[in-house]
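Heads up: the structure comes next, in structure tokens.
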Amino acid sequence: MIRQILCGSCGLSFEVIDPTASGKLFCPNCANEIDSSGAKKVEMIGPYKLGKLLGQGGMGQVYSAVGPDGNSYALKVMIQE
């Protein structure tokens with residue numbers, strides 16, 4: 001699941017995949033440790049409305065999504081390294 005995190009130290013807002021599964025979480029801007037318990041679920045990526053998680057692997061996760069045209073899509077979200 002994709003979650004949006006807000007760093008309380010520097011104010012940066014960023015997205016992470018499964019923040020609770022990865023252990024400790026650090027801000028990519030200021031490197032302070034972040035409590036991910038208040039993370040918000042991301043429901044939209046660009047114009048695509050996310051549905052359920054279809055699968056995941058070493059490169060990211062695949063979600064069902066509905067585009068602005070109303071068509072269904074499989075949307076792959078890549079892990080940033």
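So, of the residues in region 1-44 that are assigned to a strand (DSSP E or B), in contact with a Phe, Trp or Tyr (Cβ under 9 Å, 6 or more places away or on another chain) and open to solvent by less than 80 Å² (accessible area, probe 1.4 Å), which turns out to be modelled with the lowest pLDDT?
The initial filter retains those residues of region 1-44 that are assigned to a strand (DSSP E or B), namely 2-6, 13-17, 25-26, 33-34, 40-41, 44.
Imposing the further condition that a residue be in contact with a Phe, Trp or Tyr (Cβ under 9 Å, 6 or more places away or on another chain) reduces the set to 2, 4-6, 33-34.
With the extra rule that they be open to solvent by less than 80 Å² (accessible area, probe 1.4 Å), the set shrinks to 2, 4-5, 34.
Details: Ile2: 84, Gln4: 87, Ile5: 88, Ile34: 87.
My answer is Ile2.
What about Val77, is it surrounded by 15 or more Cβ atoms within 10 Å (Cβ to Cβ) and touching a Lys or Arg at 6+ places or on another chain (Cβ under 7 Å)? Please lay out each step first, then the result.
On the way: surrounded by 15 or more Cβ atoms within 10 Å (Cβ to Cβ): yes; touching a Lys or Arg at 6+ places or on another chain (Cβ under 7 Å): no.
For Val77, the condition - surrounded by 15 or more Cβ atoms within 10 Å (Cβ to Cβ) and touching a Lys or Arg at 6+ places or on another chain (Cβ under 7 Å) - is not met.
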How many residues are without any contact (Cβ under 8 Å) to a residue 40 or more places away in the chain, over 16 Å from Leu6 (Cβ atoms) and polar (S, T, N, Q) if we restrict to region 27-68? 2
Say we look at region 45-74 and pick out the residues that are under 18 Å from Glu15 (Cβ atoms), open to solvent by less than 100 Å² (accessible area, probe 1.4 Å) and not in a strand (DSSP E or B); which of these is modelled with the highest pLDDT? Pro47
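The values are calculated or read from the model by the stated rules, or taken from the named source; none is laboratory data. Keep in mind that this is a model prediction, so the values were computed, not measured. Reconstructed Cβ throughout: ideal geometry from the backbone, glycine too, with neighbour counts over all protein chains shown. In case anyone asks, the SASA skips ligands and DNA or RNA and just uses the protein heavy atoms, side chains included. Shrake-Rupley method; radii C 1.70, N 1.55, O 1.52, S 1.80 Å.
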